[in-house]
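Scroll down for the structure; my scribbles are underneath it.
The values are calculated or read from the model by the stated rules, or taken from the named source; none is laboratory data. Note that this is a predicted model, so its numbers are computed, not measured. Cβ placement follows ideal geometry from the backbone for every residue including glycine, while neighbour counts extend to all protein chains displayed.
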Amino acid sequence: MANRLVIENLSAGYGAVRVLREVSLEVREGELVALLGTNGNGKSTLLNAILGLVPPTAGSVRLEWDGQVTELAGFPAEKIVERGIALVPEGRRLIPHLTVEENLRLGGSGRRSRPSLRRNLEFVFAAFPVLLERREQPAAAMSGGQQQLLAIARALMTEPRILLIDEPSVGLAPIAVDRVLATVAVRFSATAVPQRLAVERFVPKLRETAQKIRQRFTDQQRNPPHRPGRAASLGGAT
Ligand SMILES: Nc1ncnc2c1ncn2[C@@H]1O[C@H](COP(=O)(O)OP(=O)(O)OP(=O)(O)O)[C@@H](O)[C@H]1O
Ligand SMILES: [Mg+2]
């Protein structure tokens with residue numbers, strides 16, 4: 001059985017507002033999957049639903065890894081991270097007054113990754129040398145692009161099997177986007193979510209890197225098979 005994350009017919013939303021309608025997607029080990037969609041289309045909601053931060057109302061998030069099958073829908077977020085799913089959230093969510101190294105150590109302090117914290121620190125410092133140079137500085141003292149690298153590095157500290165990155169290109173110079181994608185593509189499966197202004201320069205790069213592009217996500221969300229109407233207007237925000 002191939003190692004993979006399988007999302008099947010996943011629905012989720014906020015109160016009475018259903019944002020995701022029966023979304024299905026698969027990410028295999030070693031694969032880079034890009035998810036594209038307009039603003040307000042539900043990309044962040046999907047990543048947050050995979051992590052359990054937005055509770056799914058129907059459907060399945062199944063991790064098939066090393067011969068074990070685990071249903072993650074309904075698990076709390078910390079348990080899902082323990083199973084090897086990591087999210088680099090939209091807006092980064094760093095702890096600004098803590099240093100670079102403290103932010104990284106927090107990321108790596110979960111039960112599964114704690115024993116190899118030192119090795120993981122070496123890995124992310126080698127992957128992103130700027131973080132080593134600035135390890136004693138507060139996260140807030142860094143540029144936006146550097147903070148994005150730190151947020152990605154913090155997620156890598158959990159030793160993820162599957163890395164979910166929400167809008168990795170925002171705030172990054174094109175050269176930094178190249179470096180991030182190269183690092184991520186070599187070691188991890190990922191769902192990358194670029195859009196907005198970054199989309200013009202980022203999408204061609206992503207096309208080179210990703211093995212699968214879920215461009216139809218937009219169409220599916222705009223034209224749900226059963227209930228057009230409210231979700232369609234949510235999905236068509238731009
Ligand atoms: N906490 C929330 N409460 C209520 N509605 C929300 C919440 N977060 C998002 N939404 C709504 O859910 C829909 C999907 O939002 P989401 O953030 O998932 O889209 P997105 O594709 O990530 O957009 P963007 O490209 O702007 O990041 C939008 O209509 C948004 O207004
Ligand atoms: Mg978003």
Inset, instruction - Take the range 88-116 and flag every residue that is within 16 Å of ligand 2 (Cβ to nearest atom) and touching an Asp or Glu at 6+ places or on another chain (Cβ under 7 Å). - result: VAL88, PRO89, GLU90
Inset, instruction - Would you be able to say whether some residue in the range 194-208 is away from ligand 1 (no atom under 16 Å from the Cβ), modelled with pLDDT under 85, crowded, with 18+ Cβ neighbours inside 10 Å and within 20 Å of LEU87 (Cβ to Cβ)? - result: no
Inset, instruction - Having 2 or more residues that are touching a residue at least 40 places away in the same chain (Cβ under 8 Å) is the bar; report the strands (runs of 3 or more DSSP E) wholly within the range 1-117 that clear it. - result: 4-14, 17-28, 32-35, 56-65, 85-88
Inset, instruction - Among the residues of the range 123-155, write down those that are surrounded by fewer than 15 Cβ atoms within 10 Å (Cβ to Cβ) and modelled with pLDDT under 90. - result: ALA126, PRO129, SER143, GLY144
Inset, instruction - Please indicate, with yes or no, whether at least one residue in the range 84-95 is surrounded by fewer than 21 Cβ atoms within 10 Å (Cβ to Cβ), over 30 Å from ALA141 (Cβ atoms) and within 15 Å of ligand 1 (Cβ to nearest atom). - result: no
Legend entry - Candidate set from the range 20-54 (those that are basic (Lys, Arg) and farther than 12 Å from LEU10 by Cα); member that is surrounded by the fewest Cβ atoms within 10 Å (Cβ to Cβ): ARG28
Inset, instruction - Go through the residues of the range 10-30 one by one and say whether even a single one is within 16 Å of ligand 1 (Cβ to nearest atom), under 15 Å from the mean Cα position of the chain (by Cα) and modelled with pLDDT of 90 or more. - result: no
